[in-house]
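Only one structure is covered here, and it is reproduced in the block below.
The values are calculated or read from the model by the stated rules, or taken from the named source; none is laboratory data. Values in this document were obtained by computation on a predicted structure and should not be read as measured data. Heads up, the Cβs are rebuilt from the backbone with ideal geometry, glycines too, and the neighbour counts pull from every protein chain shown.
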Amino acid sequence: MSPAIAITNDSGNENEKEERQYQRGVKHLCENGVSKVPDKYILPVLDRPTTNHEEDNLFNKDNLMLPVIDFAELQGSNRPQVLKSMANACEQHGFFQLVNHGIPSDVISSMMEVSRRFFELPFEERANYMSSDLNSPVRYGTSFNQNNDKVFCWRDFLKLMCHPPSDVLPHWPSSPPDFRELAASYAKETKFLFEIVMVAIIESLLGEVGTTTTKKKKTKEEEELLEKFQNGSQLMVVNCYPPCPQPDLTLGMPPHSDYGFLTLLLQDQVEGLQIKFQDKWVTVQPIPNSFVVNVGDHLEIFSNGKYKSVLHRVLVNSMKARISVASLHSLSFQCMIGPSPKLIDESNPRRYRDTDFKSFLEYITSREPKSKSFLESMKLTYEN
Ligand code: OGA
Ligand code: NI
């Protein structure tokens, strides 16, 4: 695959040269030595992490302990209670942390470790995977949406499409030599975990919760939906946030919501993720060996607004590089997504249009990324 972005061309005026330099990513910038954040990454004052309104209390370190869901407990006699906690978390935070998930710890630590090694490869090797084609099975890049962003973010990424494995895996990086195997094993495990968590979420949303039986029999609708998820899309995003000399001036990721049904995020022990909770930015405290799970736009639509896809962003720091692996799951690209008929009646009218992935991709390529604007465009009513 040839890089779609010119990286070796040294022609052009100074501005063009500088622009090309930024397209190569923050890791490359840092490797060449930076003592100050270049203008390209400096946010307008109001968008900076520390210049939020005073009540944000950032300096008081408003850390948030997200609701914790015990996956093992979910499979046991306590399932009805856990489903209730899950429903509360999805309604109020749009986020929870999943512990005791059963994925072997070596699968997780190997994924983190091989991701780190990928970003340590010489720039020329990483650049082999650069592409401006959003449909490419593998895409190395920088910032949030590098074709549109006026101000760049302090983040490089590797995006891997995961489904169907036989089509996409041959395109995944062949270096480091064990990358493909370790990432494929991690992708498979997270996909399986997603399916089980998704069944529980649908049950918490549509099913009658409150019985003492461990698992209720799935309805036909639930069976069909599960099959659609099994054949659904999975995008894995490996994020790298190098240490930043002036972390107050920029962000690793701007405020955004995720588009799919659920995101399973693996973060290392370096803090950085913040979510918007009760109009404040609060830092999510990492729990070792857990996943941060969040509601995406498609689940908000499916739940007719009951479950919320919440805005989140990433802070950077001057001390340590941070790596995270986000696994975004949804239905396949052609499937239409709309509110579940079970949740709509006369007193609960439909609040979102039907949508599909394709229109979402067209939307984000044609627009500046701006908060939850895609979801807003799908809304039929604007109460609150
Ligand atoms: C994402 C995301 C958060 C993080 O990849 O969509 O929100 O902590 N990542 O890297
Ligand atoms: Ni996100």
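For segment 313-320, does any single residue satisfy the condition of being modelled with pLDDT of 95 or more, within 15 Å of the chain's Cα centre (by Cα), within 14 Å of ligand 1 (Cβ to nearest atom) and assigned to a loop (DSSP other than H, G, I, E, B)? Yes; the residues of segment 313-320 include at least one that is modelled with pLDDT of 95 or more, within 15 Å of the chain's Cα centre (by Cα), within 14 Å of ligand 1 (Cβ to nearest atom) and assigned to a loop (DSSP other than H, G, I, E, B).
Using the structure shown, decide if Gln234 is crowded, with 21+ Cβ neighbours inside 10 Å, more than 24 Å from Asn317 (Cα to Cα) and at pLDDT 90 or above. So Gln234 fits the description; yes.
Among the residues of segment 338-354, are any in a strand (DSSP E or B), buried (at least 19 other Cβ atoms within 10 Å of the Cβ), at pLDDT below 95 and within 16 Å of ligand 2 (Cβ to nearest atom)?
Our first condition is that a residue be in a strand (DSSP E or B); within segment 338-354, this holds for 352.
This time we only want the ones that are buried (at least 19 other Cβ atoms within 10 Å of the Cβ), so: 352.
Filter again for at pLDDT below 95, leaving 352.
Those left that are additionally within 16 Å of ligand 2 (Cβ to nearest atom): none.
The answer is no; no qualifying residue exists.
Residue count for segment 314-337 under the criterion of being within 22 Å of Pro165 (Cα to Cα), surrounded by fewer than 22 Cβ atoms within 10 Å (Cβ to Cβ) and of a type outside the set (Gly, Ala, Ser): the result is 4.
Look through Ser257, Ser309, Ser303 and report the one residue that is within 12 Å of ligand 1 (Cβ to nearest atom), buried (at least 24 other Cβ atoms within 10 Å of the Cβ) and hydroxyl-bearing (Ser, Thr, Tyr).
Values: Ser257 fails: buried (at least 24 other Cβ atoms within 10 Å of the Cβ); Ser303 fails: within 12 Å of ligand 1 (Cβ to nearest atom).
Matching residue, one of Ser257, Ser309, Ser303: Ser309.
Residues in segment 142-175 that are within 21 Å of Glu113 (Cα to Cα), surrounded by fewer than 19 Cβ atoms within 10 Å (Cβ to Cβ) and in contact (Cβ under 8 Å) with a residue 24 or more places away in the chain: His171, Ser175.
Give the residues of segment 68-104 that are in a helix (DSSP H, G or I) and on the phi > 0 side of the Ramachandran plot, sorted by residue number. Lay out the reasoning, then the answer.
Taking segment 68-104 as the starting set, the residues that turn out to be in a helix (DSSP H, G or I) are 71-74, 79-92.
Correct list: empty.
Just to be sure I understand, how many residues within segment 285-300 are in contact with a Ser or Thr (Cβ under 9 Å, 6 or more places away or on another chain) and surrounded by 18 or more Cβ atoms within 10 Å (Cβ to Cβ)?
Kept after step one, since they are in contact with a Ser or Thr (Cβ under 9 Å, 6 or more places away or on another chain), are these residues of segment 285-300: 289, 291-300.
Next cut, surrounded by 18 or more Cβ atoms within 10 Å (Cβ to Cβ) only: 291-300.
Going through segment 285-300 one residue at a time, the tally reaches 10.
All but one of (1) at pLDDT below 95; (2) under 23 Å from Gly296 (Cβ atoms); (3) surrounded by fewer than 20 Cβ atoms within 10 Å (Cβ to Cβ); (4) of a type in the set (Ser, Thr, Tyr) hold for Ser132; state the number of the condition that does not hold. That leaves (2) as the condition not met. Taking (1) in a helix (DSSP H, G or I); (2) among the hydrophobic types (A, V, I, L, M, F, W, C); (3) in contact with a Cys (Cβ under 8 Å, 6 or more places away or on another chain) in turn, Val107 satisfies each apart from (3). When segment 249-289 is filtered for residues that are away from ligand 2 (no atom under 11 Å from the Cβ), under 27 Å from Lys27 (Cα atoms) and part of a loop (DSSP other than H, G, I, E, B), the ones remaining, listed by number, are Thr250, Leu251, Asp268, Gln269, Val270, Glu271, Gly272, Gln285, Pro286, Ile287, Pro288, Asn289.
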